[in-house]
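As structure tokens, the structure follows; a few thoughts come after it.
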Amino acid sequence: MTATPISRSQKRLDLLRVEAEDKVALNGLLWEPQTASDSLVLMVPGGTTGAALFPAHDYDPLSGALTNSGYAFLVSNMRAAYNYPCAEYADAVKDIAAFVAYAKTKGYTRIAIMGISLGGPRMAQYMAERNDPAVKAVGFIASIPSPYLEFQLRGSDAEKRRLEDTLKHARELVGQGKGQEPIGFQNWFPDVSFMGTAKAFIGFFGAPSDPSAPSSIKYGPKIKVPTLVIHGDKDEISFPPNAQTIYDSLTASPQRDLIWVKGASHYLTPGPLAESYARLVTDWLVKNMPASPAR
């Protein structure tokens, strides 16, 4: 079965509202196929805000390819998008759980979770902590082991020293009971800076020694379902060795695949690259978690 993107007019799109277990309300976007299905793909977004829609990503080809192949497609919004300066990274687990629970109420009993960029570590932690049998497959799209670890490959020696100094200062503030004090880091990416609390900075950008920090590779060995690692060979943010590191951590997965998207950067760039991602992701799912009609 080969995925073929379809036009917007052939897909049903809903803006939805879900509530997490701690009563935090979240929004998401749900595309559904014309024929009812029991199979859904949940996209966990990247970025520190975890915003469902990011201008550099074009999800239209992916939503078309998935719905045309019988899958619903749900793009989730993390609560960090609403409370960014004070966000707790680990709350993403509760957010993902809320969307999985919603999917089940809609009759989707076979779920694949895809994490894009920082969504990969978010998804990996969810899988390790919740171990939901309804999740039949997962994928890391243009993902990172963690913000700290990818920065070790991308940053200059001076930038890495600046990160260590900032983390040291943040840890000191937290140790003094001043975790809500503001702290900033300019140009994490070119022209993209971080400003939030000291506690939030450690939570998102901490080293492996920081217990609350993100980590795909810490939780990778606990993923026990078929797993896709798909990455652009020209990724300028998450350098390609990151994909290999994530793949190598998936020691318990019964089927793991590392697929390269030729010419792709870090983003699902509108046009041929977004279409390549759509085709490759959907073809992998058709093979490893075929969509089934609703019963």
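The values are calculated or read from the model by the stated rules, or taken from the named source; none is laboratory data. Computed from a predicted structure; not experimentally measured. Reconstructed Cβ throughout: ideal geometry from the backbone, glycine too, with neighbour counts over all protein chains shown.
Assorted remarks:
- Whichever residue in region 78-115 is free of Cβ contacts under 8 Å to residues at least 60 places away in the same chain and crowded, with 24+ Cβ neighbours inside 10 Å and, among such residues, is farthest from MET289 (Cα to Cα): ALA80
- Residue within region 240-248 that is of a type in the set (Ser, Thr, Tyr) and modelled with pLDDT of 95 or more present: yes
- Condition check for PHE239: hydrophobic (A, V, I, L, M, F, W, C), in contact (Cβ under 8 Å) with a residue 12 or more places away in the chain and not assigned by TED's automatic domain parsing to the domain that holds ASN68: no
Each row is one residue, and each column tells you yes or no for (1) more than 16 Å from ASN27 (Cβ to Cβ); (2) assigned by TED's automatic domain parsing to the domain that holds GLY120; (3) not aliphatic (A, V, I, L, M).
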| site | (1), (2), (3) |
| --- | --- |
| ASN68 | yes, yes, yes |
| LEU74 | no, yes, no |
| ALA81 | no, yes, no |
| PRO85 | yes, yes, yes |
| GLU88 | yes, yes, yes |
| ASP91 | no, yes, yes |
| LYS94 | no, yes, yes |
| ALA101 | no, yes, no |
| GLY107 | yes, yes, yes |
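- Every listed requirement among (1) over 30 Å from LEU273 (Cα atoms); (2) in a helix (DSSP H, G or I) is met by GLU150 save one, (1).
- Failed condition for GLU164, given (1) over 25 Å from ASP248 (Cα atoms); (2) of a type in the set (Asp, Glu); (3) assigned to a loop (DSSP other than H, G, I, E, B): (3)
- Here region 140-198 is the region considered, the condition is being among the β-branched types (Val, Ile, Thr) and under 26 Å from the mean Cα position of the chain (by Cα), and the residue that is surrounded by the most Cβ atoms within 10 Å (Cβ to Cβ) is ILE144.
- ALA278 at pLDDT 95 or above, small (Gly, Ala, Ser) and under 17 Å from the mean Cα position of the chain (by Cα): yes
- The number of residues in region 243-266 being under 26 Å from ALA128 (Cα atoms), of a type outside the set (Lys, Arg) and either in a loop (DSSP other than H, G, I, E, B) or more than 16 Å from the chain's Cα centre (by Cα) (or both) comes to 15.
- Qualifying residue in region 110-133 (condition: in contact with a strand residue (DSSP E or B) (Cβ under 8 Å, 6 or more places away or on another chain), in a strand (DSSP E or B), closer than 24 Å to LEU250 by Cα and not hydrophobic (A, V, I, L, M, F, W, C)): yes
- Lone unmet requirement of (1) touching a His at 6+ places or on another chain (Cβ under 8 Å); (2) of a type in the set (Ser, Thr, Tyr); (3) not in a loop (DSSP other than H, G, I, E, B) for SER143: (3)
- Check on SER276, assigned to a helix (DSSP H, G or I) and over 12 Å from SER143 (Cα atoms): yes
- Residue satisfying all of: in region 238-263; closer than 14 Å to PHE140 by Cβ and of a type in the set (A, V, I, L, M); surrounded by the most Cβ atoms within 10 Å (Cβ to Cβ) among these: LEU250
- Residue count for region 117-139, restricted to those that are farther than 25 Å from SER292 by Cβ and under 8 Å from the mean Cα position of the chain (by Cα): 6.
- For region 198-239, the candidate set comprises residues that are within 30 Å of PRO290 (Cβ to Cβ) and among the β-branched types (Val, Ile, Thr); within that set, the residue that is modelled with the lowest pLDDT is ILE217.
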